[in-house]
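These notes concern the structure reproduced below.
The values are calculated or read from the model by the stated rules, or taken from the named source; none is laboratory data. Computed from a prediction, not measured in an experiment: that's the story for all the values here. Cβ atoms come from the backbone with ideal geometry, glycine included; neighbour counts cover every protein chain shown. Surface areas here come from the heavy atoms of the whole protein model, side chains and all, with no ligands, DNA or RNA. Shrake-Rupley method; radii C 1.70, N 1.55, O 1.52, S 1.80 Å.
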Amino acid sequence: MLRIAICDDSQDARLSLRGALEQALDRQSRQGSIYEFSSGEGLLRWLEKHTGELDLVFLDMEMGELDGMETAKQLRQSYGDLQLVFVTAYADRVFEGYSVSALAYIMKPPKPRQLDEVLGRCLELLHRDSGSFFVCRSGEVSYRVQLKDILYFHSDRRQLTCVARNRSYTFYGKLDDIQGQLGEGFVRIHQRYLVNSAAVDKMSGSEVSIGEVTLPVSRSCQHSAMLALTRASLEDRPWRKD
């Protein structure tokens, strides 16, 4: 399912694009959730609490204090994996989108063929990059988290918490399943903890440090964790053993 945002200070323009997108999703027999924002500031504030809940953003170039280009720059800084599409009534700004790696630049009102192409390209990129992020589902909400941003997973019975750099995500599952899904880059250090080896700063006896957080290493996992983290030391950001 595609999670799409429309950011435009014109309510009529938002409603028009929403209707066109709903028709495009129907033509492709795809499901989608569409969110509306009347300003770039509002979109950025919402994302602070909803990181990982969007795939695609349609940005009006001409908005209030924070126009579409400035909004796109801030989105790129904090949410680099978002796909961005500029929507405008002025053709003279078409080349500006390249500076933020925009997926597309379409004129108002958007044509059905253009929206079909944009949605298709977005889905292709999501499929291509699926190995670089983890998807967790909590109720009806799906979160897409970049693997490089994940610090560790914590298990409390059937409830799992994915602790990332910007926020945490809680969902139901089994730590064994997550470990099998993510592979050797994530190391089991305890019955309740699975860590991203690239995020580990050091391992000292029965503990590992990830930033200011210290996590326990169980006796049964010490040997395998040491071997796995030693392999990780060959990567760009090695950990330390005290």
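Laid out as a table, the results:
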{"quantity": "Close pairs from the stretch 105-123: first farther than 9 Å from residue 20 by Cβ, partner part of a helix (DSSP H, G or I) and open to solvent by 70 Å² or more (accessible area, probe 1.4 Å), Cβ under 8 Å, at least 6 apart", "calculated": "116/27"}
{"quantity": "Among the residues listed as 66, 54, the single one being open to solvent by 20 Å² or more (accessible area, probe 1.4 Å), assigned to a loop (DSSP other than H, G, I, E, B), free of Cβ contacts under 8 Å to residues at least 60 places away in the same chain and touching a helix residue (DSSP H, G or I) at 6+ places or on another chain (Cβ under 9 Å)", "calculated": "66"}
{"quantity": "Check on residue 47, modelled with pLDDT of 90 or more, assigned to a loop (DSSP other than H, G, I, E, B) and open to solvent by less than 30 Å² (accessible area, probe 1.4 Å)", "calculated": "no"}
{"quantity": "Residues being surrounded by 20 or more Cβ atoms within 10 Å (Cβ to Cβ) and under 13 Å from residue 55 (Cα atoms) - total across the stretch 145-167", "calculated": "1"}
{"quantity": "Enumeration of residues in the stretch 201-221 that are of a type in the set (A, V, I, L, M) and either touching a Gly at 6+ places or on another chain (Cβ under 8 Å) or modelled with pLDDT under 90 (or both)", "calculated": "203, 217"}
{"quantity": "Condition met for residue 214 (open to solvent by 70 Å² or more (accessible area, probe 1.4 Å) and part of a strand (DSSP E or B))", "calculated": "yes"}
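Matching residues to (1) part of a loop (DSSP other than H, G, I, E, B); (2) farther than 20 Å from residue 104 by Cβ; (3) hydrophobic (A, V, I, L, M, F, W, C):
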residue	(1), (2), (3)
118	no, no, yes
121	no, no, no
126	no, no, yes
142	no, yes, no
148	no, yes, no
151	no, yes, yes
155	no, yes, no
